[in-house]
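To start, the structure under review is shown below, and the notes come after it.
The values are calculated or read from the model by the stated rules, or taken from the named source; none is laboratory data. Quantities reported herein were computed from a predicted structural model and do not represent experimental measurements. Here Cβ is always computed from backbone atoms with ideal geometry, including for glycine, and neighbour counts include all displayed protein chains.
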Amino acid sequence: MKNQQGIMEITPLSQDLKEALQDKINQKTKPPGSLGKLEQLALQAGMVQHTMTPVLKQPAIIVFAGDHGIAAEGLVNPFPQAVTAQMVYNFLQGGAAINVFCRQHQLQLTVVDAGVNHVFAPHPLLKDRKIAMGTQDFLHGPAMSLEQCRLAMQAGAEEVKLLHTGGCNIVGFGEMGIGNTSAAALLMSYFTHIPVADCAGAGTGSNVQQLAQKKAILQQVMAHHATPQTAEQALATFGGFEIAMICGAIQQAAALQMLVVIDGFIVTAALLAAAAMQPAVKDYCVFAHCSEEKGHKAMLQFLGVQPLLQLDMRLGEGTGAAMAIPVIQSAVAFLAEMASFNSAQVSNRTI
């Protein structure tokens, strides 16, 4: 069954195997709980895949890129809007941090043009899902129409379906879009009810004066728009094409019973919308890290989740997700390969 955005509905995780999986974890040759978060990850992987023997196949990262109308005026961003397209070229040439980490950890990388304000020549490494040449300026009206928002979510879902058809069962998401920390701050404020000035951070490097102006502009945006009535309307009003595609992609991945690796501030903003639409999505998600971007810690607290890593990163691009996937692989590996007390003939504790 599909929801009104045309995305498959997410099945809540079955609790049938939880006790057996936990017992299998506890019977490994170690004190109970001594592998910490790795034990939680192993349990989650087994429950998501509904098996005692989870396996991670063809791990992948999808980076969605899009431009934002607000950025064209330079009111909220120290870098010009043209940097979005320039960074896409950097991804295609293999020179960005996400390229390095994906090569290192053997992760498949997909780059998607969700709505960059630039015409790219056809490129074998670039997926063309462009909705428009960037969103509208949300200082004056909604960033996108509901139809555009739905098309973006469906496009993100389609990219996940393609990966899943190819055998992938764990996927992380990244983004590129000058101005998208402003969109994420607005979405955060809408879903968490935290004042937008407390959600907005420095983004790509705003100085004190620029940050003060950014906060003032975002407060104007919140005041300009009547409170959207639904999560979808909020996403269309404040979001970006790349954020809407991530929202759809997250939901589709969970619906396909894939492990979903959530990156930083922008991707978590997309998850806030996804979780408002389909609350069961959260149980399929691993939260890669806590970004240094202001607001991300409060987002995670609002969701009631713990980040896997704390590396003081705030780059985006899916870099936190790329760093987290090897840790998740280690969790699944210990569950599969580590001896039990019985098989190793090691005495377990008596109390």
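Closer than 23 Å to Gly239 by Cα, among the hydrophobic types (A, V, I, L, M, F, W, C), within 20 Å of the chain's Cα centre (by Cα) and in a loop (DSSP other than H, G, I, E, B) - does that describe any residue in the stretch 103-115?
No: the stretch 103-115 contains no residue that is closer than 23 Å to Gly239 by Cα, among the hydrophobic types (A, V, I, L, M, F, W, C), within 20 Å of the chain's Cα centre (by Cα) and in a loop (DSSP other than H, G, I, E, B).
In the set Gly179, Gly156, which member is closer than 27 Å to Asn90 by Cβ, in contact with a His (Cβ under 6 Å, 6 or more places away or on another chain), of a type in the set (Gly, Ala, Ser) and touching a residue at least 24 places away in the same chain (Cβ under 8 Å)?
Being closer than 27 Å to Asn90 by Cβ, in contact with a His (Cβ under 6 Å, 6 or more places away or on another chain), of a type in the set (Gly, Ala, Ser) and touching a residue at least 24 places away in the same chain (Cβ under 8 Å) holds for just one of Gly179, Gly156, which is Gly179.
Yes or no: Ala216 modelled with pLDDT of 95 or more, among the aliphatic types (A, V, I, L, M) and either touching a strand residue (DSSP E or B) at 6+ places or on another chain (Cβ under 6 Å) or part of a helix (DSSP H, G or I) (or both)?
When the stated conditions are applied, Ala216 does not pass them.
Pull up the stretch 14-52, narrow it to residues that are closer than 24 Å to Ala344 by Cα and small (Gly, Ala, Ser), then point me to the one that is surrounded by the most Cβ atoms within 10 Å (Cβ to Cβ).
Taking the candidates together, the pick is Ala42.
Scan the stretch 28-39 and give yes if some residue there is touching a residue at least 12 places away in the same chain (Cβ under 8 Å), assigned to a strand (DSSP E or B) and within 26 Å of Ala132 (Cα to Cα), otherwise no.
Scanning the stretch 28-39, I find no residue that is touching a residue at least 12 places away in the same chain (Cβ under 8 Å), assigned to a strand (DSSP E or B) and within 26 Å of Ala132 (Cα to Cα), so the answer is no.
Just to be sure before I move on: is Gly172 within 22 Å of Gly264 (Cβ to Cβ), in a strand (DSSP E or B) and among the small types (Gly, Ala, Ser) in the structure I sent? Even if it seems obvious, please write down each step before you answer.
Working: within 22 Å of Gly264 (Cβ to Cβ): yes; in a strand (DSSP E or B): yes; among the small types (Gly, Ala, Ser): yes.
Criteria met by Gly172.
Within the stretch 196-213, restricting attention to residues that are in a loop (DSSP other than H, G, I, E, B) and of a type outside the set (Gly, Ala, Ser), which residue is modelled with the highest pLDDT? Steps first, please.
First pass over the stretch 196-213, keeping only residues in a loop (DSSP other than H, G, I, E, B): 200-207.
In the following step, the residues that additionally are of a type outside the set (Gly, Ala, Ser) were identified as 204, 207.
On the way: Thr204: 68, Asn207: 77.
Among them, the one singled out is Asn207.
Could you go through the stretch 266-280 and let me know if any residue there is surrounded by fewer than 20 Cβ atoms within 10 Å (Cβ to Cβ) and closer than 16 Å to Leu187 by Cβ.
So in the stretch 266-280, the residues surrounded by fewer than 20 Cβ atoms within 10 Å (Cβ to Cβ) come out as 276, 279-280.
Adding the requirement that they be closer than 16 Å to Leu187 by Cβ leaves 276.
Yes, the conditions are met somewhere in the stretch 266-280.
Rundown of residues vs (1) closer than 16 Å to Glu317 by Cα; (2) at pLDDT below 95, yes/no style:
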site	(1), (2)
Met52	no, no
Leu56	no, no
Val63	yes, no
Pro78	no, yes
Gly95	yes, no
Asn99	yes, no
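When residues of the stretch 223-255 are filtered for being assigned to a helix (DSSP H, G or I) and either touching an Asp or Glu at 6+ places or on another chain (Cβ under 7 Å) or within 16 Å of Glu147 (Cα to Cα) (or both), how many remain?
18
Could you list all residues from the stretch 191-204 that are touching a residue at least 60 places away in the same chain (Cβ under 8 Å) and more than 15 Å from Arg314 (Cβ to Cβ)?
Phe191, Thr192, Ile194, Asp198
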